[in-house]
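**Q** Take this structure first; my questions come after.
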Amino acid sequence: MTNRITALTANDAGEIFDVPEFEGVGRVGEKFFKLKPEDLIKLPDGADLMFLPQRRAVGFKRGEFVTLKGRAVSAILPQGYTRTHLPAFKKNSRAKILPLYGYTAVVLYRDELHAAAIYTDENFKWDPVNFNTRDLRKLIRRVKKDLPDNRIVAHVANCSLEWHCLTAQNFFYRRWECGVPTSPTCNANCLGCISLQLAECCPSPQSRITFKPTVDEIADVGIYHLSHAEDAIISFGQGCEGEPSLQFENISAAIKKIRATTSRGQININTNAGFTAGIKKIVDAGLNSMRVSIISARDESYQKYYRAAYKLDAVKNSIRYALDNGVHVSLNMLYMPGFNDRAAEFDAWKNFLTELPAQMIQIRNLNYDPDAFFAAMTADENFMGTRKFLRELQKNFPSLTIGNFSHFVGIS
């Protein structure tokens, strides 16, 4: 066993090899770093390894960063882990944009694979062992029999089997957080949208819903899940849809119908919160929790990523209304090492959270090509590092929960 941190490469067949003469390297922003033991954790169960096409690995030797002959290798982490370093690579001039995954530096250390990441949330409910079980198809048939001709049921059944969506599968397992997609349209054009991308970009990992569910379709799914499931949550705003608040009329009417039948469980919306009028109607109908997708508390940075039809001020107004009306608010922080942890971003987050004291931040590894991201977003090298960024957030806001998942908060 050696304590040396060793670079990895892959050949054209995808076979992965260590390169003992070169030390392992990670990337933060657009800067390379020689990785240290304190940067690493053992590669978690459920992680995948992926080689990066048209990109050569980078190693460190004799004080220099060296481009290696083999392809770069990346880890794709399971839920509950936050990456601290991106994989280090040099792409060729004809390289296409990478598919939408959260690429993480991976190396060999003490004869085992290690990733540059930290464990940031308990993940039993999202452990892969709980999903894609042998009885899933039978459970889907059961629900289709119970709720015949409901288009949402058919849609999330497809998401469960084709895209292996965990919140979709939870509906059929009768447990935890269940996704209820409602909106085929959106008011933003996010760089890393996972349901709709331009053809010249990269394939979307999910297909967006193509219809607008009726009030009865939404309510029937909501009542079914909240009536049967353990720690039941129904969530509007899934990866397979646009912005749910644009369907505020049907969602708010459905919430009222659900709550006329059952008081069990939690009703949540995952939203960009840019359409304040719609958010207000949904809050007034009886929303319990709201998770707001956000990458920056600075107007310029926010707009560069979301490319939205609204401004960051609208998001703030929606959050303020939700907090004033007793809604549990989480911020779904899309995270890219070397961007969110910059000093200017951190200062903006301190002001934002002082003004709008959300109860939780959910760190979400941003699934996007790092080179394409930093080409589109303004960034400098004045970053803190992920560990310090999270530590300082917690220090400044000790009541803030920092994790990765929507937590069941129940109904008061």
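The values are calculated or read from the model by the stated rules, or taken from the named source; none is laboratory data. The structure presented is a predicted model; accordingly, all values stated were derived computationally and were not measured. Note that each Cβ is placed from the backbone with ideal geometry, even for glycine, and that neighbours are counted across all protein chains shown. The protein model used for the area step is the full one, side chains on, heavy atoms only, and it has no ligands, DNA or RNA in it. Shrake-Rupley method; radii C 1.70, N 1.55, O 1.52, S 1.80 Å.
**Q** Within the stretch 78-117, considering only strands (runs of 3 or more DSSP E) that don't extend past its boundaries, which have at least 3 residues that are of a type in the set (D, E, K, R), within 22 Å of the chain's Cα centre (by Cα) and surrounded by fewer than 20 Cβ atoms within 10 Å (Cβ to Cβ)?
**A** none
**Q** Would you confirm, using the coordinates I've provided, whether PHE275 is touching a Leu at 6+ places or on another chain (Cβ under 8 Å) and either of a type in the set (Ser, Thr, Tyr) or more than 16 Å from HIS328 (Cβ to Cβ) (or both)?
**A** Spelling it out, PHE275 is indeed touching a Leu at 6+ places or on another chain (Cβ under 8 Å) and either of a type in the set (Ser, Thr, Tyr) or more than 16 Å from HIS328 (Cβ to Cβ) (or both).
**Q** Mind checking which residues of the stretch 210-237 are hydroxyl-bearing (Ser, Thr, Tyr), within 16 Å of ARG151 (Cβ to Cβ) and at pLDDT 95 or above?
**A** Once the filter is applied, which keeps residues that are hydroxyl-bearing (Ser, Thr, Tyr), within 16 Å of ARG151 (Cβ to Cβ) and at pLDDT 95 or above, the stretch 210-237 yields THR214, TYR224.
**Q** Given the criteria open to solvent by 10 Å² or more (accessible area, probe 1.4 Å), touching a helix residue (DSSP H, G or I) at 6+ places or on another chain (Cβ under 9 Å) and not basic (Lys, Arg), does ILE223 qualify? Before you say what the answer is, go through the steps one by one.
**A** Numbers: open to solvent by 10 Å² or more (accessible area, probe 1.4 Å): yes; touching a helix residue (DSSP H, G or I) at 6+ places or on another chain (Cβ under 9 Å): yes; not basic (Lys, Arg): yes.
Considered against the rule, which asks whether it is open to solvent by 10 Å² or more (accessible area, probe 1.4 Å), touching a helix residue (DSSP H, G or I) at 6+ places or on another chain (Cβ under 9 Å) and not basic (Lys, Arg), ILE223 comes out as yes.
**Q** Test LEU400 against the criterion of being out of contact with any Asp or Glu (no Cβ under 9 Å at 6 or more places or on another chain), buried (at least 22 other Cβ atoms within 10 Å of the Cβ), closer than 27 Å to ASP127 by Cα and of a type in the set (A, V, I, L, M, F, W, C), and give yes or no.
**A** no
**Q** Tell me which residues, restricted to the stretch 38-77, are charged (D, E, K, R) and open to solvent by less than 30 Å² (accessible area, probe 1.4 Å).
**A** ASP39, ARG55
**Q** Just a yes or no: is a residue in the stretch 123-130 among the polar types (S, T, N, Q) and out of contact with any Leu (no Cβ under 6 Å at 6 or more places or on another chain)?
**A** Checked the stretch 123-130: at least one residue is among the polar types (S, T, N, Q) and out of contact with any Leu (no Cβ under 6 Å at 6 or more places or on another chain).
**Q** Let me ask you something else. Which residues, counting only those in the stretch 2-31, are assigned to a loop (DSSP other than H, G, I, E, B) and open to solvent by less than 50 Å² (accessible area, probe 1.4 Å)?
**A** ASN11, GLY14, GLY24, GLY29
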